[in-house]
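One structure below.
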Amino acid sequence: MLKQRVITGLALLPVALCGVFLLPQEWFAIFIGAIITLAAWEWANLSGFSAVWQRVLYAAVTGGLLLCLFSLSVLPLSFLLGAGLVWWLVAVMLVISYPDSLAVWKPRIVQLIIGWLVLIPAWGGLVFLKSQGTPEFEQQGNALILYVFVLVWGADVGAYFAGKTFGRRKLAPHLSPGKTWEGVLGGLLTITLIALGVAWYRELGLFHAIGLLAMTWVVGLVSVLGDLLESMFKRERGIKDSSSLLPGHGGIMDRIDSLTAAIPVFSVFWLLAS
């Protein structure tokens, strides 16, 4: 399993990096849209729709919505980011109050709507960040995307090793028994070091460095929420992975669950700061 996981990870990493750094804005939106559409195919199953035609239909509708949003500018990206932020505030309540919150989100149609609230703002956030380049710093958008990716990956790696070494107190035993408060603190420590390194490299003043740290901590905590939310859906569905699309890694949702929460929140921070 570990060998398969490593091979799949090594195969996917250059694809992801090339998609971020080499594709122009339009093709990048299509590239991310394709990933989100595949994730929607998995989300239909998480919502209890196991028939192939049901999953394909939900994925097709999701892809169509993304295409309309990008090509027709039906809604501004700022609206998507705001909707994403509001959703994740609601998600905090659903996760904390689980299983009592089941009465709210158990209907399958509600779960499908939640899927759009999870996936579409994440797409919008990445498209927004990609567009943030300037004549003076054309790669700024790419740097922002890379930073939020590194934050989520850093939080995940730090939480894993801290949890394995020091983990005692369970974070959410009813949702994810392996997660501990010590792991969360380990993840926060890891991304704090990342933020301090960026602040030093960019020679930020004290005020901007504190702002970067605050944003980094919020994004790190929200990434945990994204993980717990998917765990909540998988537990009710009675499955371990969202799919088997990625050998050794489960499904696409299993790899991007934290990012779906972190990206819209990070993008809102950047939108307000810019």
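A few comments on the model shown:
- Residue within the stretch 95-106 that is of a type in the set (S, T, N, Q) and within 30 Å of residue 170 (Cβ to Cβ) present: yes
- Residue within the stretch 9-22 that is exposed (fewer than 13 other Cβ atoms within 10 Å of the Cβ) and closer than 30 Å to residue 272 by Cβ present: yes
- Residue among 193, 204, 259 that alone is part of a helix (DSSP H, G or I), over 27 Å from residue 96 (Cα atoms) and touching a Gly at 6+ places or on another chain (Cβ under 9 Å): 193
- Among the residues listed as 34, 40, the single one being surrounded by fewer than 20 Cβ atoms within 10 Å (Cβ to Cβ), out of contact with any Asp or Glu (no Cβ under 9 Å at 6 or more places or on another chain) and either more than 18 Å from residue 131 (Cβ to Cβ) or at pLDDT 95 or above (or both): 34
- Just one of the listed residues (141, 124) is within 15 Å of the chain's Cα centre (by Cα) and in a helix (DSSP H, G or I), namely 124.
A quick yes/no check of all residues on (1) acidic (Asp, Glu); (2) free of Cβ contacts under 8 Å to residues at least 12 places away in the same chain; (3) in contact with a Lys or Arg (Cβ under 8 Å, 6 or more places away or on another chain); (4) at positive phi:
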{"site": "148", "(1), (2), (3), (4)": "no, no, no, no"}
{"site": "160", "(1), (2), (3), (4)": "no, no, no, no"}
{"site": "171", "(1), (2), (3), (4)": "no, no, yes, no"}
{"site": "201", "(1), (2), (3), (4)": "no, yes, no, no"}
{"site": "204", "(1), (2), (3), (4)": "no, yes, no, no"}
{"site": "207", "(1), (2), (3), (4)": "no, yes, no, no"}
{"site": "223", "(1), (2), (3), (4)": "no, no, no, no"}
{"site": "233", "(1), (2), (3), (4)": "no, no, no, no"}
{"site": "238", "(1), (2), (3), (4)": "no, yes, no, yes"}
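- Filtered by the rule that a residue be part of a helix (DSSP H, G or I) and under 29 Å from residue 130 (Cα atoms), the stretch 232-256 gives 252, 253, 254, 255, 256.
- Flag for residue 217 being modelled with pLDDT of 95 or more and not hydroxyl-bearing (Ser, Thr, Tyr): yes
- Residue within the stretch 14-24 that is under 17 Å from the mean Cα position of the chain (by Cα), at pLDDT 85 or above and not aliphatic (A, V, I, L, M) present: no
- Which numbered condition residue 109 fails, given (1) modelled with pLDDT of 90 or more; (2) assigned to a loop (DSSP other than H, G, I, E, B); (3) among the β-branched types (Val, Ile, Thr): (2)
- Yes/no for residue 216 being closer than 21 Å to residue 164 by Cα and β-branched (Val, Ile, Thr): no
- Any hit, the stretch 149-172, residues being over 13 Å from the mean Cα position of the chain (by Cα), at pLDDT below 90, buried (at least 16 other Cβ atoms within 10 Å of the Cβ) and not in a helix (DSSP H, G or I): yes
- Number of residues in the stretch 64-95 that are modelled with pLDDT of 90 or more and either under 19 Å from the mean Cα position of the chain (by Cα) or surrounded by 13 or more Cβ atoms within 10 Å (Cβ to Cβ) (or both) equals 18.
The values are calculated or read from the model by the stated rules, or taken from the named source; none is laboratory data. Bear in mind that the values here come from a model prediction, so they are computed numbers and not experimental data. So basically every Cβ, Gly included, is an ideal-geometry build from the backbone, and we count neighbours across all protein chains shown.
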